[in-house]
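Bear in mind these aren't lab numbers, they're just calculated from the coordinates by the rules spelled out. This structure is a prediction, so every number in the text was calculated from the model and none was measured. Neighbour counts run over all protein chains shown; Cβ positions are idealised from the backbone, glycine included.
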Amino acid sequence: MQNMIEQIREDLTKAGKRLHKQGLVAGNAGNISARIPKTDEFLIKPSGVSLEFLKPEELVVVDLQGHKVRGELPVSMETPIHAAIYRTRKDAQAVVHTHAPTATAFGIAEREILPLQVEMYMRLPNGVPVIPFERPGSRILAKKIQKKIAKYDAVILGNHGIVTIGSTIQAACDLNEMIEEAAKIQLLVNSLGGAGEGEMDLASLKKRFMILEKPENNAEDV
């Protein structure tokens, strides 16, 4: 068990550096956590520590109620959000919260991110919803995230950032990066005059991508 926990610590610190390198976090912003298998605990980045310089031994062990179990540094104020997600989604093994610039801008504008490109649609066919702003780390915000995350693998926090979950740390990070890319694409499409409100919505996208649900016809043209 101890070797496994040490590996999770290493994976989280590497993921933190990756998120910083991708420009999804800056300074001490953002957070990352991972469930400790076969326990009711998880590891999370402590308060006041940059993901760029996070060390494995600095990660704090927390229970599913958000109480610190082990660790020298104070827990993040956003710990209740992570705990609420793990209580709600038994399949979630990792939670990543970043301030991805473009996706965060969509939250400020109160615009959901749509699955405009095929890869995004295949992963998140219902897009990424926006949760209206609440005080960071508050119980009210945790409850609102808990309600949405039951049906979505990613949410946008109004005037704050985005949260993604995954079956692994890498999967949660990959999804975070995918959403930021999708936000950039949607912004470009909007600037070209397409995908505006009333022109492109989930219903029309689902109709467009219906072909993905049909078996491919490999017969030669005649």
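Listed by chain and number, the aspartates and glutamates whose alpha-carbon sits under 20 Å from that of Lys207, ignoring those within fewer than 8 places in the same chain, are Glu112, Glu119, Glu197, Glu199, Glu216. Within the same chain, lysines fewer than 8 places from Lys214 are excluded, and of the rest, those with a Cα less than 28 Å from its Cα are Lys151, Lys206.
Here's the list of lysines a cross-link from Lys17 could span, going by alpha-carbon distance under 26 Å and ignoring same-chain residues fewer than 8 apart: Lys45, Lys55, Lys68, Lys184.
Sorting Val130, Val62 by the number of Cβ atoms found within 10 Å of their own Cβ, with the fewest placed first, yields Val130, Val62. Computed over the alpha carbons of the chain, Rg followed by Dmax gives 18.5, 72 Å.
Taking Cα centre as origin and charging only the Cβ of basic (Lys, Arg, +1) and acidic (Asp, Glu, -1) residues, the dipole magnitude of the chain rounds to 760 debye. Each residue of segment 101-117 is assigned a 3J(HN,Hα), and the resulting list reads x, 5, 5, 5, 4, 4, x, 5, 7, 6, 10, 5, 9, 8, x, 6, 9 Hz, derived from the Karplus form 6.51 cos²θ - 1.76 cosθ + 1.60 (θ = phi - 60°), x at Gly and Pro. Derived scalar couplings between HN and Hα for segment 38-48 equal 6, 9, 9, 9, 8, 9, 9, 4, x, 6, x Hz in order, rounded to whole Hz, by the Karplus curve 6.51 cos²θ - 1.76 cosθ + 1.60 (θ = phi - 60°), x for Gly and Pro. Axis angle, to the nearest 10 degrees, between helix 169-191 and the longest C-alpha principal axis of the chain: 40 degrees. Reducing segment 19-69 and segment 126-178 to their Cα centroids gives an inter-centroid distance of 16 Å.
Summarising the strand pairing of the chain, around 95 percent of its internal DSSP beta bridges are antiparallel.
Couplings 3J(HN,Hα) of segment 32-37, computed from phi: 8, 8, 8, 6, 8, x Hz, in residue order, whole Hz [Karplus 6.51 cos²θ - 1.76 cosθ + 1.60, θ = phi - 60°; x for Gly and Pro]. Relative contact order of the chain, taken over Cα pairs closer than 8 Å and 6 or more residues apart, is 18 percent. Once the Cβ-Cβ distance between Lys68 and Gln22 is put in as r, and R0 is 22 Å, what FRET efficiency do you end up with, to the nearest 0.05? According to the calculation, E is roughly 0.15.
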